[in-house]
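What follows is a short report on a single structure.
Just so it is clear, none of the values below were taken in a lab; they were calculated from the coordinates. Here the structure is a predicted model, which means the values were calculated and not measured. Cβ placement follows ideal geometry from the backbone for every residue including glycine, while neighbour counts extend to all protein chains displayed.
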Amino acid sequence: MKRVYVEDLSRHTGEQVEIAGWLYNQRGTAKLRFLLVRDGSGIVQCIAAKNELGEGLFALARSLTQETSLAIRGTVRADERAPGGYELLVTDLAKINDAHDYPITPKEHGTPFLLDRRHLWLRSKKQHAMLRIRHELIWAIRDFFNNRGFICFDTPMFTPNAVEGTTDLFAVNYFDTSAYLTQSGQLYAEAGAMAHGRVYTFGPTFRAEKSKTRRHLTEFWMVEPEVAFIDLDGLIELAEEMTVYIVERVLERRCNELADLERDTAPLEAIRRPFPRLHYDEAAEILVEYAKQHPDEGGVEFKHGDDFGGRHETILSDPYHRPVFITHFPAQIKPFYMKRDPDRPDCVLGFDMLGSEGAGELIGGSVREDDHDTLVQRIREHDLPMDAFDWYLDLRKYGSVPHGGFGLGLERTITWLSGRPHLREAIPFPRMLYRMRP
Ligand code: 4AD
Ligand code: MG
């Protein structure tokens, strides 16, 4: 008999097939049981009738508990009312292994309880949907860059120096010296861009940030394109095109998962280019004004020169039903490598992209300082160890060119697309300030 996956059942209407999976749930009567079986690719309702199966098999079906592994044979039938549109009329079944007292039951559990059992929670419908969206997003991002002539350029996890400031580095023993886990592949991607023109690095990055927010992981994935001969406008256009591409791709290919997550997709469907752009000065004015108008709301105080908090980002993006770019941040709150605006040397040629619906910062990027001596001065100003950057400075000695790139946080983007409140469900095993298990 043909073993098939639930996601392919539509191609087998009327046929006898076998599926193998786990019992998700069952309900019914003394004569008729509705078994919900998941096989990793989907969930199908299997109808077990006593008069069809006989006493023995029907009793077996009835005795199956949540997460018991099993194989079921039956006839595929299209039924609009069935979850997924197809069901299986059971003709035979066999238990593979028992599952007793599965801890995650259909009732509500608290998040700490579920996170402690993340290895099992992964099987639940919404979690399953989230990680399939993650998969689609990774695939879409790679397709986007691969189809545009970018080369995948993997950068190291062990690094001798900081990229994004020195306060949130994870130090590790590296034989008789110490190294840091990378905060970003960017500096190496710059070397890649000088060799290949257009590259992207995509992998895990690490930040020892002591922030316990819904937007921070200590280990998160980032895709970082880096392009030779590009300016700020070019970078913003690339970020915009990429964002529209990945949103459309997830809407097109993961509508079932979005439905499982009860995501209202209308706000995503409405996303069109171009996205609005705000100069930091304008953004600061809006925030100062907002704080004035809302004296009773805590945490919204703001003055020109400050970095944005989560609430500020939401205030700025709320009026727009699409992501928004904030450009030209004050240099003093941004990393050493960002090029200054020649017309406004107090500002950088950099941008953040804030997601719609209060998703916060999804992308950070900039044009890079390409002048050797200026870069040396910036490294000094930021109190960074010059010798760790000798190779990086070489990129400015041998045919330096204007270039730039950006980083998109994968988990924040998944969280935004999924419409979930917290990014911890966007990665199989989240690493956070107070969580490193399981
Ligand atoms: O703005 P960030 O720090 O930029 C960089 O690392 C640059 N080197 C990128 C580049 O230009 N190549 O981080 C980029 C993005 C943020 O916009 C955010 O989406 C995500 O990475 N991010 C985090 N995601 C989860 N947890 C954290 N602790 C994050 N920190 C940054
Ligand atoms: Mg940033």
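Odds and ends about this structure:
- Near-label residues of the stretch 85-105 by backbone N, under 19 Å of a point 7 Å along Cα→Cβ of Thr13: 85-90
- Whether the stretch 209-271 is rounded, prolate or oblate, judged on the alpha carbon gyration tensor where a/c under 1.5 counts as rounded: oblate
- The string of couplings for the stretch 330-338 from the Karplus curve (6.51, -1.76, 1.60, θ = phi - 60°) is x, 4, 5, 9, 10, x, 4, 7, 6 Hz, one whole number per residue in order, with x for Gly and Pro.
- Built amide H within the under 5 Å cut-off of Cys347, gap 5+: Ala331, Asp341
- Projecting the alpha carbon convex hull of the chain along each direction and taking the average yields 25.6 nm².
- Pairwise centroid distance, computed over Cα atoms, of the stretch 55-124 with the stretch 253-317, Å: 41
- Using only alpha-carbon positions in the stretch 130-169, the gyration tensor eigenvalues give semi-axes of 27, 16, 9 Å once each is multiplied by 5 and square-rooted (largest first).
- Under 15 Å from the Met157 label point (7 Å along Cα→beta-carbon), backbone N, the stretch 185-207: 185, 202-207
- Peptides 392-402, 345-355 ranked from most to least packed by the mean count of surrounding Cβ atoms within 10 Å: 345-355, 392-402.
- P(r) histogram, all alpha-carbon pairs of the stretch 289-379 included - 10 Å bins from 0, percent: 16, 40, 30, 12, 2
- Seen from Pro295, the other residues with C-beta closer than 14 Å to its C-beta sum to a net charge of -3, counting Lys and Arg as +1 and Asp and Glu as -1.
- Estimated purely from DSSP H runs of n ≥ 4, each contributing -39500 (n - 2.57), the mean residue ellipticity at 222 nm for the chain is -9000 deg cm²/dmol once divided by its residues.
- Coil-residue trypsin sites (Lys or Arg not before Pro) of the stretch 45-112, DSSP, other Cβ within 10 Å capped at 10: Arg81, Lys107
- Under 19 Å from the Cα of Lys292 - aspartates and glutamates, other chains or at least 8 residues apart: Asp281, Glu282, Glu301, Asp306, Asp307, Glu313, Asp318
- Other residues with beta-carbon under 11 Å from the beta-carbon of Gly165 carry, at +1 per Lys or Arg and -1 per Asp or Glu, a net charge of -2.
- Spin-label model, Glu108 to Glu52: label points 7 Å out along the Cα-to-beta-carbon direction sit 3.6 nm apart.
- Here the stretch 65-177 has an Rg and Dmax of 22.9, 65 Å, counting Cα atoms alone.
- If you take all other residues with their beta carbon under 12 Å from the beta carbon of Gln16, and give Lys and Arg +1 and Asp and Glu -1, the sum is +1.
- Looking at the stretch 227-331, the GluC sites (Glu not before Pro) that sit in a DSSP loop and have at most 12 other Cβ atoms within 10 Å of their own Cβ are Glu262, Glu297.
- Cα-derived Rg over Rh, computed across the stretch 353-438 with Rh taken as Kirkwood radius: 1.15
- For the stretch 153-261, chymotrypsin sites (Phe, Trp or Tyr not before Pro) meeting the loop criterion (DSSP other than H, G, I, E, B) and having at most 10 other Cβ atoms within 10 Å: Phe175.
- Short-range pairs are left out: with C-alpha atoms under 8 Å and at least six residues apart, the relative contact order of the stretch 118-425 is 20 percent.
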